[in-house]
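*Asks:* Just dropping this structure here.
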Amino acid sequence: NFYERPFQDDLGANLRGLLFEPAGLITTLNIKDNIKTVLRKYEPRVAVTSISVNNLENENSYQIIVNFNIKEYDSASGVEIVLRRLR
């Protein structure tokens, strides 16, 4: 999130704040856009090939899959994250 890293207050995707927004298409698109923006701005070593955000309504969470290419090694990789709202 923003302000979590000292001296880098603009680094973040505000995912924690988006978890408490109403679940829907707009929130899903905002999560995807925020992740894409942060990776493009702060991680020039990778080229993002796809970002998939799935709303898991029954679990009150989002499944995020980011596929990317590491530019230096020309290799493809991916990360899967599940964001959950804790009460």
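Bear in mind these aren't lab numbers, they're just calculated from the coordinates by the rules spelled out. Fair warning: this is a prediction, and the values are worked out from it, not measured in the lab. Cβ: placed from backbone, ideal geometry, glycine included. Neighbour counts: every protein chain shown.
*Asks:* Only loop residues by DSSP count here, and only those with at most 16 other Cβ atoms within 10 Å; note down the GluC sites (Glu not before Pro) in the stretch 7-87 that meet that.
*Replies:* Those satisfying the criteria are 72.
*Asks:* While we're looking at this one, here's another question. Could you bin all the Cα-Cα distances of the stretch 24-86 into 5 Å bins starting at 0 and give me the percent of pairs in each, rounded to whole numbers?
*Replies:* Pair shares across the bins are 4, 17, 26, 23, 15, 9, 5, 2, 0.
*Asks:* Further, regarding this structure: Counting other C-beta atoms within 10 Å, and keeping those with at most 14, which DSSP coil chymotrypsin sites (Phe, Trp or Tyr not before Pro) do you find in the stretch 31-87?
*Replies:* The qualifying sites are 73.
*Asks:* Tell me the net charge near residue 51. Cut-off is 12 Å between Cβ atoms, residue 51 excluded, with +1 for each Lys or Arg and -1 for each Asp or Glu.
*Replies:* Surrounding charge for residue 51 is +1.
*Asks:* Which residues' amide hydrogens lie under 5 Å from the amide hydrogen of residue 14, considering only partners 5 or more residues apart or on another chain, with H built in the peptide plane?
*Replies:* Amide H neighbours of residue 14, under 5 Å, 5+ apart: 2.
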